[in-house]
DNA sequence: GACATGCTTCGGCCCTCACCGAACCATGGA
DNA sequence: TCCATGGTTCGGTGAGGGCCGAAGCATGTC
């Protein structure tokens, strides 16, 4: 009866509304799953989250309405994916503040999945895990990426991408380099347009391949060779 | 009865719990107010948010328990502030994703406060508003800050801080330069250790002064001179 | 001491919202 | 045409949580 009458701050309302979208465990599970950068069907997400299809349908409605997800309907399937890099960044940055994965390892299957994810995975559209940080470290060590005064590619870095045949869209408004805090390594890895381009190239050129249906990736023998030759990444940093 | 039994993803639970802290309008209003980087008492925040003291007390309990706020008790006052730059960054990044301030200007008093805030303000511990972006633009134009390949100070930039007598803590783990999306200008301004140092110096040296009890700041005549001389900031960019 | 002030705790109210199952609608395949 | 499958809509239920006022503790003032 008191607070009801006062004119609330619209900024606060907007912030709370946005946060409320992420403040549900089921929706959070969906968003984390979608961090693999691919499109999932509503049914897949329902099974993944362990709720009824009807429940999940409502969740998707909210997330789409909130602008976090984009949907694409194909036949009787409703495909849904993170709306854009901005939405992905939001989930990333929030997830990064999360205390810790915590907990002792679960079943054998779980822990083997976990260690594969720790070794290498994609984070929305760039590389993460030991693979991601190893590549980021190598770029830094070679003077291709600066971390001491911020987080940016150097001239030499831009050139490296060019000679490696990895196209960078310099005209986009998306920043070339961005730091993304790695969940397992607790250190930043390369995100942004350059991170995405590098990841795409790594998958296209067979430097690494996806394993399982999740976000984990595995470096191939060819990938080890290329990463060692082009960036001086020590092969054992990837294991 | 179905979802209740399935083992939920702990990551999702943690993310949801963190988001839930921000998903309340009253708590959001507190966090936004605390973005001024100063400590507020519980009573001030209660009045600011328009709720009973008892209600706000509970909110503060949750925010402190969640690690977003740090408290300091002095006599019968409970002072509370953002826990650290990490927490501030979280609020910032979430607030930055918010659609838009929206809405027509309110009362005269409100709109004059609003325009003062748009002109210049602090954002946790660095400069924002037209002032913040003007300084950021000037740094960029002079080759002291790179934005095209990420967001980082250049060698010349580090040197500029040194000759201006603004100390930079290079040993800290906090990144020197970070991009923070400006709410009013919709463009990035300088945050991070360098942004904080610059803001502190600007206040200490009288380049700008706080007006009112809020976050708004006003550039002084001396400030205009210094910013023009040292960075080439055109005085009318600050009005 | 007695009193004011700032904060906290407690009980109770009420609204919101995640959840389900059942019915319903659409698509695509026999 | 019928059926299987994926998705959505719609009541109904229950838990959670934000809110208040009143009472209770501190702290600092007279």
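The values are calculated or read from the model by the stated rules, or taken from the named source; none is laboratory data. This one's a predicted model, so the numbers in the text were calculated from it and none came from an experiment. Methodologically, a virtual Cβ is constructed for each residue, glycine included, from the backbone with ideal geometry; neighbour enumeration extends over all protein chains shown.
Can we say residue A:75 is away from DNA strand D (no atom under 11 Å from the Cβ), closer than 30 Å to residue A:199 by Cβ and surrounded by fewer than 20 Cβ atoms within 10 Å (Cβ to Cβ)?
Details: away from DNA strand D (no atom under 11 Å from the Cβ): no; closer than 30 Å to residue A:199 by Cβ: yes; surrounded by fewer than 20 Cβ atoms within 10 Å (Cβ to Cβ): yes.
Considered against the rule, which asks whether it is away from DNA strand D (no atom under 11 Å from the Cβ), closer than 30 Å to residue A:199 by Cβ and surrounded by fewer than 20 Cβ atoms within 10 Å (Cβ to Cβ), residue A:75 comes out as no.
Applying the criterion of at least 2 residues that are more than 8 Å from chain A (Cβ to nearest Cβ) to the strands (runs of 3 or more DSSP E) found wholly in the range B:125-187 leaves B:126-128, B:178-181. Residue selection: residue A:230 fails the criterion of being within 30 Å of residue A:39 (Cα to Cα) and out of contact with any strand residue (DSSP E or B) (no Cβ under 6 Å at 6 or more places or on another chain). When restricted to residues that are buried (at least 16 other Cβ atoms within 10 Å of the Cβ) and assigned to a loop (DSSP other than H, G, I, E, B), the range A:216-232 contains 0.
In the range B:43-52, the residue that is farthest from the other protein chains (Cβ to nearest Cβ) out of those that are crowded, with 18+ Cβ neighbours inside 10 Å and near DNA strand C (Cβ under 9 Å from one of its atoms) is B:45.
Scanning the range A:211-229 for residues that are within 16 Å of the chain's Cα centre (by Cα) and either under 18 Å from residue A:161 (Cβ atoms) or free of Cβ contacts under 8 Å to residues at least 40 places away in the same chain (or both) yields one hit, A:213.
Among the residues of the range A:46-62, the ones that are touching a helix residue (DSSP H, G or I) at 6+ places or on another chain (Cβ under 6 Å) and more than 8 Å from DNA strand D (Cβ to nearest atom) come to 4 in all.
Which residue, of A:68, A:94, is at pLDDT 95 or above, within 14 Å of chain B (Cβ to nearest Cβ) and crowded, with 19+ Cβ neighbours inside 10 Å?
Numbers: A:94 fails: at pLDDT 95 or above.
Among A:68, A:94, only A:68 is at pLDDT 95 or above, within 14 Å of chain B (Cβ to nearest Cβ) and crowded, with 19+ Cβ neighbours inside 10 Å.
Beta carbons closer than 8 Å, at least 6 apart along the sequence or on distinct chains, never pair a first residue in the range B:37-62 that is assigned by TED's automatic domain parsing to the domain that holds residue B:123 and free of Cβ contacts under 8 Å to residues at least 60 places away in the same chain with a second that is near DNA strand D (Cβ under 8 Å from one of its atoms) and assigned to a helix (DSSP H, G or I). Screening residue B:55 on (1) within 9 Å of chain A (Cβ to nearest Cβ); (2) out of contact with any strand residue (DSSP E or B) (no Cβ under 9 Å at 6 or more places or on another chain); (3) more than 12 Å from DNA strand C (Cβ to nearest atom) shows it passes everything except condition (3).
Of all residues in the range A:10-31, those being surrounded by fewer than 19 Cβ atoms within 10 Å (Cβ to Cβ) and away from DNA strand D (no atom under 12 Å from the Cβ) number 3. Within the range B:157-174, is even one residue surrounded by 23 or more Cβ atoms within 10 Å (Cβ to Cβ) and out of contact with any helix residue (DSSP H, G or I) (no Cβ under 8 Å at 6 or more places or on another chain)? The answer is no; no qualifying residue exists. In the condition set (1) more than 21 Å from the chain's Cα centre (by Cα); (2) more than 9 Å from DNA strand D (Cβ to nearest atom); (3) more than 24 Å from residue B:10 (Cβ to Cβ), residue A:39 is compliant with all but (1).
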